[in-house]
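Everything below concerns the one structure shown next.
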Amino acid sequence: MRSAVVVGAGVGGLAVAGALARTGWQVTLLERGDRLRGDSAALVIWPNGIRALRALGLGEGLGAIASPAPSRGIRRPNGQWLVQPDAPLVDEDDGPDSSLVVHREDLHDALVAGLGDRIDIRTGIAVRTVRALPGELPAVGDGRHTWEADLVVAADGVDSVVRRRLAPESTAVAAGCAAWRAVIPWYRAPKLPDGAGTGGETLGHGHRFRYALLGERGSAGGSSRGGIYWAATVPGAYRPEPPAAQLVLLRRWFADWHAPITDLLAATEPDDLIQHPTAELRPIPRAFAFPAGPGGFVLLGDAAHAMSHHLGQGACLALEDAATLRSLVLDAIPGRTLGRALEDYTNQRRPRVARIVSQSRRVGAVYAANGNLVVRARNAALGLTPRMLGRAGAVARQWRPPA
Ligand SMILES: Cc1cc2nc3c(=O)[nH]c(=O)nc-3n(C[C@H](O)[C@H](O)[C@H](O)COP(=O)(O)OP(=O)(O)OC[C@H]3O[C@@H](n4cnc5c(N)ncnc54)[C@H](O)[C@@H]3O)c2cc1C
C-alpha cells in the first residue's frame, strides 16, 4: 500500500491527509499541538476554495456551516463610500462572486470528520529532523522517532521545518502589519445599523477593518458558533502587550470610525481577540516538491507560499494545493510514476501561486497607503477604477480543479 506522512494539521494538512486516505493511501498525520483544533476566528472561502473543497469531496456540508460573504463595497472611516458596493469590481466573465464566510472551528470539524478512521493521528509531535537522501524513503523525525513513507507532505505552516531544510533560500519575512481577528457570539453582539447588510470593509490610513455575519441572530443554523466576525489590520509590528491592552489600543486606533466598528470593538472581550503574526515567504521556494527515494517531499499551504493576508487567499490556496496533489497522485506508483507526479505538482502550483503572491502584494500596497497625500491619491484611484482591486481577486477566484 502507498504510504504518506503529513506534517501539520492546519487547513492544508487536514485536507490533504483526508484526501490521500480516501484514495487508498496509508496516512500518518503528525501535529505539534496536543490536539487537533482550529482557532476561534473565521475565514472567507472564495469560489476557488469552494471548488477545491468540492474536488476533495468536502463540499456537501458547506452550505450548513457557511454564510454568504458581505457585498464588496469599501467605505471611508467616516462611513462614506470609497467604492460603491455595486461597482463593477469583477469583470463580467469572472462569474458570480459567491464567496462564503465560515467559522474556522466549523471548517476544522468538517475536515477532521473527512479524515475517517483509517489515519494514524499523532498529536504532541513536533517534527525537527528531515531525511532526504537518494535511494532512501523520505522521512521526518522528532528526535526520538522517525516516520518514513513514499510521500511526505509538509503542511507545517509558515515556519515549516521541512521547507527550511529543503528550500533554505526561502525565508519568512514580517509583512509590516499587525492583524487581529475575533468572533463576538450573537448573545453579546451589538445591534447593527440599518443597511449594514451582511458586513463590510473600511479603509483608512494604513488601517483596515472588515466584518461579516456568521449565521443570523437568534438562528442556530448548522453551526453553534454564530456571531459577528471582524478582522483589523494596522501598520507596524506584532504587538507584545496582553490582549486587554491590545484591545485598548484597537479601540483607540478605530475610535472615530463609522458604526458599527466602534460598537464591535466595545463588545469584544480580551478572550475573543486573536492576534496573528503576519509574514510572507521571500522568495517563494524554487520548487514545491523534492524527489527522495521512490517518491519525495511536497510543500503545501503556508509551508510553501505564506503570504500577507491582504487578499485573504492563504487557506483557499492550501485547499487548491491539496486538491491538485490528490488528483496528481491518484494513480501514481512509488518508484515509477510518483516522481513525475510530484514534478507536475510544482509545475502546476508554483506559477499559479507566484501570480497570486504578486497580486496580494499589489493589494497590500493599496491597503497600506499611509500619509495624507498618498491616501488621497489612493482613494481617488480607487474611486475612479474600482476594478483595480477586483482584478487581483479575479485572478484568484478563477481557478478550476484539475479534471
Ligand atoms: C488576519 C488573517 C486573516 C486571514 N483570512 C483569510 C481568509 O479569509 N481566507 C483565506 O483563505 N485565508 C486567510 N488567511 C490565511 C490563512 O489563515 C492561512 O493561509 C492558512 O490558515 C494556512 O493553513 P496551513 O494549513 O497551510 O498552515 P497552518 O494553519 O499554519 O497550519 C500548520 C499546522 O502545522 C503544525 N505544525 C507547525 N510546525 C510543526 C512541526 N514542526 N511539527 C508538527 N506540526 C507542526 C501547526 O501546529 C499547525 O497545526 C488569513 C490569515 C490572517 C493572518
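The values are calculated or read from the model by the stated rules, or taken from the named source; none is laboratory data. In this text the structure is predicted, and so the values were computed from the model without any measurement. So basically every Cβ, Gly included, is an ideal-geometry build from the backbone, and we count neighbours across all protein chains shown. With ligands, DNA and RNA removed, areas are computed over all heavy atoms of the protein, side chains included. Shrake-Rupley method; radii C 1.70, N 1.55, O 1.52, S 1.80 Å.
Scan (1) free of Cβ contacts under 8 Å to residues at least 60 places away in the same chain; (2) within 12 Å of the ligand (Cβ to nearest atom) for the single condition residue 110 breaks and write down its number.
Of everything listed in (1) free of Cβ contacts under 8 Å to residues at least 60 places away in the same chain; (2) within 12 Å of the ligand (Cβ to nearest atom), residue 110 misses just condition (2).
Could you check residue 354 against (1) hydrophobic (A, V, I, L, M, F, W, C); (2) modelled with pLDDT of 95 or more; (3) over 26 Å from residue 174 (Cα atoms) and say which number it fails?
(3)
Considering only segment 56-86, state which residues are over 27 Å from residue 389 (Cβ atoms), touching a Lys or Arg at 6+ places or on another chain (Cβ under 9 Å) and crowded, with 20+ Cβ neighbours inside 10 Å.
Of everything in segment 56-86, those that are over 27 Å from residue 389 (Cβ atoms), touching a Lys or Arg at 6+ places or on another chain (Cβ under 9 Å) and crowded, with 20+ Cβ neighbours inside 10 Å turn out to be 56, 65.
How about segment 150-183: which of its residues are in a strand (DSSP E or B), open to solvent by 20 Å² or more (accessible area, probe 1.4 Å) and more than 7 Å from the ligand (Cβ to nearest atom)? Outline the logic, then answer.
Pass one, segment 150-183, residues in a strand (DSSP E or B): 151-154, 171-174, 177-183.
Keeping just the survivors that are open to solvent by 20 Å² or more (accessible area, probe 1.4 Å) gives 171-174, 181.
Scanning segment 150-183 gives 171, 172, 173, 174.
For segment 312-331, enumerate the residues that are open to solvent by 10 Å² or more (accessible area, probe 1.4 Å) and of a type in the set (S, T, N, Q). Before the answer, list the steps.
So in segment 312-331, the residues open to solvent by 10 Å² or more (accessible area, probe 1.4 Å) come out as 312, 314-315, 326-328, 330-331.
The one that is open to solvent by 10 Å² or more (accessible area, probe 1.4 Å) and of a type in the set (S, T, N, Q): 327.
Output the residues belonging to segment 304-326 that are outside any helix (DSSP H, G or I), among the hydrophobic types (A, V, I, L, M, F, W, C) and near the ligand (Cβ under 7 Å from one of its atoms).
Step one: list which residues in segment 304-326 are outside any helix (DSSP H, G or I), which gives 306-313.
Keeping just the survivors that are among the hydrophobic types (A, V, I, L, M, F, W, C) gives 306-307, 311.
Result: 306, single match.
Restricting attention to segment 102-131, report how many residues are touching a helix residue (DSSP H, G or I) at 6+ places or on another chain (Cβ under 7 Å), charged (D, E, K, R) and assigned to a loop (DSSP other than H, G, I, E, B).
The qualifying residues number 2.
Step by step: first the residues of segment 129-145, then only those that are surrounded by 13 or more Cβ atoms within 10 Å (Cβ to Cβ) and either of a type outside the set (Gly, Ala, Ser) or free of Cβ contacts under 8 Å to residues at least 12 places away in the same chain (or both), then the one that is farthest from the ligand (Cβ to nearest atom). Which residue is that? Outline the logic, then answer.
We begin by selecting, within segment 129-145, every residue surrounded by 13 or more Cβ atoms within 10 Å (Cβ to Cβ); these are 129-132, 137-142.
The next check asks that each one be either of a type outside the set (Gly, Ala, Ser) or free of Cβ contacts under 8 Å to residues at least 12 places away in the same chain (or both); those that pass are 129-131, 137-138, 140, 142.
Numbers: 129: 10, 130: 10, 131: 15, 137: 19, 138: 15, 140: 8, 142: 8 Å.
Among them, the one singled out is 137.
Got at least one residue in segment 290-311 being surrounded by fewer than 23 Cβ atoms within 10 Å (Cβ to Cβ) and under 18 Å from the mean Cα position of the chain (by Cα)?
For segment 290-311, residues surrounded by fewer than 23 Cβ atoms within 10 Å (Cβ to Cβ) and under 18 Å from the mean Cα position of the chain (by Cα): present.
So, in segment 9-23, of the ones that are of a type in the set (A, V, I, L, M, F, W, C) and over 15 Å from the mean Cα position of the chain (by Cα), which residue ends up nearest to the ligand (Cβ to nearest atom)? Step through it out loud before you land on a result.
Looking only at segment 9-23, we keep the residues that are of a type in the set (A, V, I, L, M, F, W, C), and these are 9, 11, 14-17, 19-21.
So of that shortlist, the ones also over 15 Å from the mean Cα position of the chain (by Cα) come out as 17, 19-21.
Working: 17: 11, 19: 13, 20: 15, 21: 17 Å.
Among those residues, the one meeting the criterion is 17.
Looking at residue 354, is it exposed (fewer than 15 other Cβ atoms within 10 Å of the Cβ), away from the ligand (no atom under 12 Å from the Cβ) and among the aliphatic types (A, V, I, L, M)? Talk me through it step by step, then tell me what you get.
Details: exposed (fewer than 15 other Cβ atoms within 10 Å of the Cβ): yes; away from the ligand (no atom under 12 Å from the Cβ): yes; among the aliphatic types (A, V, I, L, M): yes.
In short, yes.
Could you grab the pairs with beta carbons closer than 6 Å, sequence gap of 6+ or different chains, first residue in segment 225-239 and open to solvent by less than 20 Å² (accessible area, probe 1.4 Å) and within 11 Å of the ligand (Cβ to nearest atom), second one β-branched (Val, Ile, Thr) and modelled with pLDDT of 95 or more?
229/183
Within segment 24-61, how many residues turn out to be within 14 Å of the ligand (Cβ to nearest atom) and over 18 Å from residue 6 (Cβ atoms)? Working first, answer last.
First pass over segment 24-61, keeping only residues within 14 Å of the ligand (Cβ to nearest atom): 28-53, 56.
With the extra rule that they be over 18 Å from residue 6 (Cβ atoms), the set shrinks to 39-51.
Count: 13.
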